[in-house]
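Below is one structure, written out as structure tokens, with a few remarks after it.
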Amino acid sequence: MEARLNIYGNAVAGKFARYINSAGKVISDSTLPAATQELVKIRASQINGCGFCLDMHTKDAAHAGETALRLNLVAAWREAKVFTDAERAALELTEQGTRIADAAGGVTDEAWAEAAKHHDEDQLAALVGLIALINAYNRMNVIVQQPAGDYQPGQFG
């Protein structure tokens, strides 16, 4: 399987990718816990059907010490006992922020309030940015049919 467009081989797509990668650095350098960041990326990627991002973020999470049990239960996080209340709040915000077109009112006040109980303002800002960012990556990869399975942890620096 080949991607429809080589994102890093095309000048316009490559420049766009570099800009959003820079935005990602702001988030990865934030105080939002790294484990939460990976869980958010994985859950949004599951919803959006982005195999490339799922391949990348599950491998990066495992490489950073995330357990197989937690990785396997991300899609069923509501029924799983292995996530903290803060992670649950982040996952709920991720789902509502990713499925924004499915909800007439967007993200509910309840989901926001629950996230705000567990995350300070900077972490909330990082969480909102991360949800927007992973959705952008997902859409880019799904549109070009970026193949999955060959990613190696740390491959992109």
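The values are calculated or read from the model by the stated rules, or taken from the named source; none is laboratory data. Every value quoted in this text rests on a predicted model; they were computed, and no experiment measured them. Because the Cβ atoms are built from the backbone with ideal geometry, glycine has one as well, and the counts that use them run over all protein chains shown. To get the accessible areas, we keep the full protein, side chains included, count just its heavy atoms, and leave off ligands, DNA and RNA. Shrake-Rupley method; radii C 1.70, N 1.55, O 1.52, S 1.80 Å.
Calculated accessible area for the range 1-146 comes out at 54 Å² per residue, all protein chains present (probe 1.4 Å; ligands, DNA, RNA ignored).
Ordering 67, 27, 49 by Cα displacement along the dipole of the chain toward the positive end leaves 49 in first place; charges were set at the Cβ atoms of Lys, Arg (+1) and Asp, Glu (-1).
Only one residue of 96, 113, 58 has its Cα farthest out toward the positive end of the dipole of the range 45-120, where Lys and Arg carry +1 and Asp and Glu -1 on Cβ, and that residue is 58. The convex hull of the Cα atoms of the range 107-157, projected and averaged over all directions, covers 5.3 nm². Using C-alpha pairs below 8 Å separated by at least 6 residues, the relative contact order for the chain is 39 percent. Helices in the chain that qualify as membrane-span-like (whole DSSP H runs, Cα extent of at least 24 Å along the helix axis, mean Kyte-Doolittle hydropathy of 0.5 or higher) are 121-144. Just how large is the dipole of the range 1-60 about the Cα centre, in debye to the nearest 20, putting +1 at every Lys and Arg Cβ and -1 at every Asp and Glu Cβ? Around 160 debye, computed over the range 1-60. Dimensions of the range 11-152 along the principal axes, based on C-alpha atoms and rounded to the nearest Å, stand at 42, 32, 30, largest first. Given only helices, namely DSSP H runs of n ≥ 4 each adding -39500 (n - 2.57), what is the per-residue ellipticity at 222 nm of the chain, to the nearest 500 deg cm²/dmol? So the calculated ellipticity at 222 nm is -20500 deg cm²/dmol. Dipole magnitude for the range 1-143: computed about the Cα centre from +1 point charges on Lys and Arg Cβ and -1 point charges on Asp and Glu Cβ, it is near 580 debye. Given +1 at the Cβ of Lys and Arg, -1 at the Cβ of Asp and Glu and no other charges, the dipole of the range 30-109 around its Cα centre is 140 debye to the nearest 20. Volume per residue for the range 64-105 equals 89 cubic angstrom (convex hull of Cα atoms).
Taking a straight line from the alpha carbon of residue 59, these lysines sit under 18 Å away, with near neighbours fewer than eight places off in the same chain left out: 41. Projected label points at residue 63 and residue 102, each 7 Å from Cα along the beta carbon direction, are separated by 3.0 nanometres.
Ordering of 123-134, 103-114 by packing is 123-134, 103-114, highest average first (other Cβ atoms within 10 Å, averaged per residue). With R₀ set to 30 Å, the beta-carbon distance separating residue 75 from residue 22 gives a calculated FRET efficiency near 0.50.
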